[in-house]
Amino acid sequence: RNLAHPSELIFENINMDDDYATILSKVFASSIKALEDSLKMLEASEFSKAVELLLKARRIEFYGVGTSAPIAMDAYYRFMRIGLNAHVATDPHISRISASMLDGECVAVGISHTGRTKDTVKAVEIAKSKGASIIGITSFIDSPIAKLADCKLITSTSEARFMKEAVSARIAQIALLDSLYTCVAIKKYDTAVENIENMAEILDETRF
């Protein structure tokens, strides 16, 4: 179980003699499975708790480095565009400083596939010490981030068996954050729609 074929270090179940069409099919199949497995693993009570924490938060801070950084930035953009006081920190130094400025009315969202990324864990630790509520998004329930979290959102992927940087895990995390965003937007429907319409007008100027 702990030994992976060299080609699997690139992507699970890929063989060296696979043609392009086969690789395409396998990659899509792996992402679909990650979504299905994560949906089964996610606890409805934890998800609902996360939604309520985000709805009540005075400030929301997303933390993620490496491959988790663009996921954190995408989440920040989505929540910011519907009028929430959302921010993102992907630089280790900035993460620590921003975390130190949070309080009991704030929510810190730590995103890490392994749940063991030192910079993200440290930011979450600091945020928790300041009284902020912690939402942990990871693939490992026994990881440091999960243990620190007030609300654990565990995504599942078979890649977690041997890969430190799972590829399809990102798909599951994005879908999870999109689900949180959608729930919050529905609860704040009027203001969310108004902000989205305003942003659409502004963005129209940037398009041909």
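Quick notes
- When T120, T114 are checked against the criterion of being more than 16 Å from L180 (Cβ to Cβ), in a loop (DSSP other than H, G, I, E, B) and open to solvent by less than 60 Å² (accessible area, probe 1.4 Å), T114 stands alone in meeting it.
- The residue pairs whose first member lies in the range 161-183 and is more than 16 Å from D74 (Cα to Cα), whose second member is modelled with pLDDT of 95 or more and surrounded by fewer than 21 Cβ atoms within 10 Å (Cβ to Cβ), and whose beta carbons are closer than 6 Å, counting only pairs six or more residues apart or on different chains, are C183/V51.
- Single condition E12 does not satisfy, out of (1) at pLDDT 80 or above; (2) more than 24 Å from A149 (Cα to Cα); (3) not basic (K, R): (1)
- Complete set of residues in the range 57-90 that are open to solvent by 40 Å² or more (accessible area, probe 1.4 Å) and touching a residue at least 24 places away in the same chain (Cβ under 8 Å): R58, R59, G66, T67, D74, R78, R81, G83, N85, H87, V88, T90
- Contact map, the range 97-122: residues that are among the charged types (D, E, K, R) paired with residues that are open to solvent by less than 50 Å² (accessible area, probe 1.4 Å) and part of a loop (DSSP other than H, G, I, E, B), Cβ distance under 8 Å, separation 6+ or inter-chain. Pairs shown: D103/G131; D103/A132; E105/A57; R116/S143; D119/V65.
- Within the range 46-58, the residues that satisfy the criterion of being over 17 Å from K147 (Cα atoms) and of a type outside the set (K, R) are S48, V51, E52, L53, L54, L55, A57.
- Residue pairs meeting the criteria (Cβ under 7 Å; at least 6 apart or on separate chains; first under 18 Å from S48 (Cα atoms) and hydroxyl-bearing (S, T, Y), in the range 130-151; second assigned to a strand (DSSP E or B) and open to solvent by 10 Å² or more (accessible area, probe 1.4 Å)): T138/I154
The values are calculated or read from the model by the stated rules, or taken from the named source; none is laboratory data. Note that this is a predicted model, so its numbers are computed, not measured. Backbone-built Cβ (ideal geometry, glycine too); neighbour counts: all protein chains shown. Surface areas here come from the heavy atoms of the whole protein model, side chains and all, with no ligands, DNA or RNA. Shrake-Rupley method; radii C 1.70, N 1.55, O 1.52, S 1.80 Å.
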